[in-house]
Amino acid sequence: MDRIFPTGFPLPTAFYLTVYMITLVIHVLFMNYVLAGSAFVAVSSLFRPKAIGPQLPGTINGVLRDWLPFALGMTITAGVAPLLFVQILYKKSYYTANLLLFHRWMSILPVLILGFYLLYLIKRIRFNQWSLGRRRLVVIGAFLCFGFTAYSWTENHLLSLESTTTWTDLYAREQMHYFHPVLIPRLLLWALGSVPTMLLGVAWQLWFYQRRIGPIQVRPLQISWLALVGIILSLICGGIYYGLVDDATRQQFTQPLTSTYLLLALVGLGLQFGGWALQAASTKLQQRWLILASIGLLITLLCMTVVRESARLVRIDITSLYEQHAQLYKTGGFFLFLAFFLLMVLVVAWIIFLIRRNLRVLAHHQP
Amino acid sequence: MELPYYPINDFGPVMKGLVIGGLGIFHVFLAQFAIGGGMLMCYFQWLAAERRHALARQFVSSYFQYLVLFSFVLGALTGVAMWFTTIQLSPRTIGLMVDQFHWIWATEWTFFVVEVVSGYAFYRYSAQLDDRSRMRLLQFYTVAAWGSLFWINGILSWQLTPGTWSIEQPQLWGGFFNASFWPSLLFRTVSSMATAALVACVVINTMPNASRDQRKELINKTANFMIPMVLMPLLGAWYLAVFPDDSRSWVLGGSPAMSLFMGITIGASLLIGCYALIGLFFQKLYINGATATLLCALAFGATAGAEFVREGVRKPYTIRNTLLSNSITPQEVAHLRQIGSVTNDPYPLRGAEQLPTEQLRLGARVYRFQCSICHTPSGVNGLTHLTGSWNGEQKRLMIAQLQMTKPFMPPFAGNAEELEALVQYLEWLSADRPPQWPTRHDPQILQQINEWLIEAGTATAVDKAAGRGPAE
Ligand code: HEM
């Protein structure tokens, strides 16, 4: 690929790729919150038992414990959309990986249900009366559920890039899992990359808290530091990953298609870094630095999604799928979707407005 | 398009459809609970706002806790799991459905988002909201929940009755608003309302500070939601009337299993309906938690039966006239009879070393590709049991004319060697897998099989009865 995405692809393919990537980014935003958030609570529980004691509003753990169940609901819901488009784009390879990892997908269902109920448990008042050991078990258990899910998606993705020979081999050996040398570094990259996203989400929630209710109970400097460390570690992990991928993929990273986006992703990372560094100098959470970091985050995520996709194209010959995409492009319903998508945005905005208005009225009545 | 081969998993003695059907039933039941639940909550919120019932508000809060706890978590996840299980059953079917209806699915997804956001907002903030805002949230929730039924119903009903859609002329809306769209949508709406009302009776019995009289009043109010059940016989008849003729004949006695499931659904619904109408509506009786739970279990049974019927009546297709149950298109059958159905299948046989000859291995692969979606070797719907009393010649004839043997089976889609290999495989299984087995290549027998295959043709029994050949 020597042309920059989305040029260089026929319109239908470019179109489905774009829709897929946008919906995947939405999924990733929520997924990062759940993955890094549950990890944060689990790790805190080991070092600071207070973190899983009575819920403290205005702290990172407080916000996370309050909002993780909803974030998980959104992760799952947001996952459905890229699930739809990945099937459109790469039918056979995606289905084959799914079929080969059958046991995995059947076990993800109970695992995610378990994770969900564990998150609800953490929110309950009675949770605080449990012994420390039991509470630790719950929060670590929840994290393991989501870690397992992330592992499975990464495994599925890597398997979907394989050749028919690998597939038939795996099938004949009745192997229930697929191991690839880059699997762990890739998973680690996802996990570390989740940290800055999650912290930014939490920082925004704390910023609203600070504005509406009162001073937050965590030093903004601490959040900044954590985010900066997260960014640096993801960068290092990214470098290691780059060194581990096969030559063809590494070569792809230097092609204009990918290198442009890789560079832009680094720029986004720089913006995030700058936003957090400037925030570190302030004693309160500052809207403008959070906005700066948010812009950086969106650029990084969008561009890294293009990079991720271009690496897939090293393995899957997308030109052989152009004809299929063109055929699908003719099926109706896109404008119906667009109309309802806009309506959805309006309704969600309205709901947020409705609740804020009610809360404001309530705050007014009880000084 | 070239026929795609996928790895086929083996579930031992359990039929694949059973594993997946079980999950489907669970999901549908939860979805009905969510859809009807939204409507019921609107109704009780209205009662609360109008001050028509002292406990209506409290009831809405308790009920919503259950709705979120069960329906959000389990409903959403079983929904996602449905994707994965349908992929397991037939990637080709789901692939074709996604091809045709991806924008409808994407539209349904926007409804999911509204459902989750409005539902969670209500769950989290309803105590701090005024009546009007509460009502608004519940309305969003209800419209979103029912809307998702509306969209998915078009896709699922299209599988049985594709309307004016065909693979050559894929008219989206002609397929979506197909003959069974409306009866199916209305039927499901009514059963959703009934399901939600039954769950409500359980919830009311768990409300801590309600007196018995207050509970009774609440229960009698929920009974209003079961009144539409009187329409069920009518809607059911309408639904049946638009079934393709052959599908209708399966449930009306043509297939004992399907008729049985149909009977379960009708029986359970009748019991619930009569109880609701006579007991709750006319006599204003009280029902305790145990009875309410029992009625819920009956509703679950009715749902289970209905889902089995719905999945079953599509046979021998997964998408009527377009894709056969074993993921072969009607057009491909003739071609596969020429070249063999598994000649190009790259997936090796699992445990191949346990089969003594190459012919048996071929037979096992033919079984895997063409029959394993509906049969097991010796478990549920096991082929060795079904063919146990037949000699070799009978087996060859019955399989060569598979679509005549049972009209809900697809035509045999392989060549004579493959059919003979399949017969040998079945005989070897019946003989308890001996370590040695002769290879049979009798030209006369192959000749005979070929004649039978030609006689049977490549069209399904359904098409034959309608005087159609296989689609060209
Ligand atoms: C807490 C739960 C979840 C976690 C932690 C998670 C994590 C992930 C990760 C790490 C990836 C990237 C894989 C890679 O590129 O190596 C991914 C991709 C994806 N996820 Fe999720 N996920 C979760 C739930 C879901 C659910 C429930 C769905 C479906 C409804 C979903 C749909 C997808 C899709 C379609 C992709 C893209 C796969 C591809 O392109 O090959 N995810 N997820």
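Hey, does segment A:160-170 have a residue that's away from chain B (no Cβ under 12 Å) and either closer than 25 Å to B:G75 by Cβ or within 12 Å of the ligand (Cβ to nearest atom) (or both)?
yes
For segment B:67-96, give me each residue that is touching a residue at least 60 places away in the same chain (Cβ under 8 Å), in contact with a helix residue (DSSP H, G or I) (Cβ under 6 Å, 6 or more places away or on another chain) and more than 7 Å from every other protein chain (Cβ to nearest Cβ).
B:T85, B:T86, B:L89
Take the residues in segment B:11-22 that are in a loop (DSSP other than H, G, I, E, B) and surrounded by 14 or more Cβ atoms within 10 Å (Cβ to Cβ); name whichever of them is nearest to the chain's Cα centre (by Cα).
Of everything passing the filter in segment B:11-22, B:M15 is nearest to the chain's Cα centre (by Cα).
Taking B:G175, is it farther than 21 Å from B:I94 by Cβ, modelled with pLDDT of 95 or more, buried (at least 19 other Cβ atoms within 10 Å of the Cβ) and within 13 Å of chain A (Cβ to nearest Cβ)?
When the stated conditions are applied, B:G175 does not pass them.
Determine whether A:K91 is in contact (Cβ under 8 Å) with a residue 12 or more places away in the chain and in contact with a Lys or Arg (Cβ under 7 Å, 6 or more places away or on another chain).
So A:K91 fails the test.
Test A:M31 against the criterion of being under 18 Å from B:H102 (Cα atoms) and within 13 Å of the ligand (Cβ to nearest atom), and give yes or no.
No.
When the residues of segment A:145-159 are narrowed to those that are within 13 Å of A:L183 (Cβ to Cβ) and within 14 Å of chain B (Cβ to nearest Cβ), which ends up surrounded by the fewest Cβ atoms within 10 Å (Cβ to Cβ)?
A:W153
Could you tell me whether segment A:167-178 includes any residue that is modelled with pLDDT under 90, out of contact with any Pro (no Cβ under 6 Å at 6 or more places or on another chain) and assigned to a helix (DSSP H, G or I)?
No, that holds for no residue.
I need a count of the residues in segment B:191-215 that are surrounded by fewer than 20 Cβ atoms within 10 Å (Cβ to Cβ), among the hydroxyl-bearing types (S, T, Y) and in a helix (DSSP H, G or I).
Final tally of qualifying residues: 1.
Need pairs with beta-carbon distance below 7 Å; first residue under 16 Å from B:L397 (Cα atoms) and within segment B:423-450, second at pLDDT 95 or above and among the hydroxyl-bearing types (S, T, Y); sequence gap 6+ or separate chains.
The qualifying pairs are B:Y425/B:Y367.
Which residue out of A:L72, A:L101 is within 12 Å of the ligand (Cβ to nearest atom) and over 19 Å from the mean Cα position of the chain (by Cα)?
Going through A:L72, A:L101 in turn, the sole match is A:L101.
If I filter segment B:147-170 down to residues being touching a Lys or Arg at 6+ places or on another chain (Cβ under 7 Å) and not in a helix (DSSP H, G or I), which single residue comes out as farthest from the other protein chains (Cβ to nearest Cβ)?
B:T161
Can you run down the residue pairs with Cβ atoms below 9 Å, 6 or more apart or on separate chains, where the first is in segment A:174-189 and closer than 16 Å to A:I231 by Cα and the partner is within 11 Å of the ligand (Cβ to nearest atom) and part of a loop (DSSP other than H, G, I, E, B)?
A:R186/A:H180
Is one or more of the residues making up segment B:132-146 part of a helix (DSSP H, G or I), assigned by TED's automatic domain parsing to the domain that holds B:A196 and farther than 30 Å from A:V361 by Cβ?
Checked against the condition, which is being part of a helix (DSSP H, G or I), assigned by TED's automatic domain parsing to the domain that holds B:A196 and farther than 30 Å from A:V361 by Cβ, segment B:132-146 yields at least one hit.
Considering segment A:111-123 alone, what residues qualify as being within 9 Å of chain B (Cβ to nearest Cβ) and either in contact with a Ser or Thr (Cβ under 6 Å, 6 or more places away or on another chain) or hydrophobic (A, V, I, L, M, F, W, C) (or both)?
Within segment A:111-123, A:L112, A:I113, A:F116 meet the criteria.
Scan segment B:245-257 and tell me whether some residue there is farther than 26 Å from B:G163 by Cβ, in contact with a helix residue (DSSP H, G or I) (Cβ under 8 Å, 6 or more places away or on another chain) and surrounded by fewer than 17 Cβ atoms within 10 Å (Cβ to Cβ).
yes
May I ask you to list the residues in segment B:451-472 that are more than 21 Å from B:Q331 (Cβ to Cβ) and either of a type in the set (D, E, K, R) or free of Cβ contacts under 8 Å to residues at least 40 places away in the same chain (or both)?
Matches in segment B:451-472: B:E451 only.
So how many residues does segment A:18-28 have that are more than 10 Å from the ligand (Cβ to nearest atom) and within 14 Å of chain B (Cβ to nearest Cβ)?
Selection size over segment A:18-28: 4.
Those residues that are outside any helix (DSSP H, G or I) and either in contact with a strand residue (DSSP E or B) (Cβ under 8 Å, 6 or more places away or on another chain) or more than 10 Å from chain B (Cβ to nearest Cβ) (or both), I need them from segment A:63-110; list them, please.
Hit for segment A:63-110 is A:Y90, nothing else.
Condition check: buried (at least 23 other Cβ atoms within 10 Å of the Cβ) and within 7 Å of chain A (Cβ to nearest Cβ). Does B:Q100 satisfy that?
Yes.
The values are calculated or read from the model by the stated rules, or taken from the named source; none is laboratory data. From a predicted model like this one, the values you see are computed outputs, not experimental measurements. Glycine also receives a Cβ, built like all others from the backbone with ideal geometry; neighbour counts cover every protein chain displayed.
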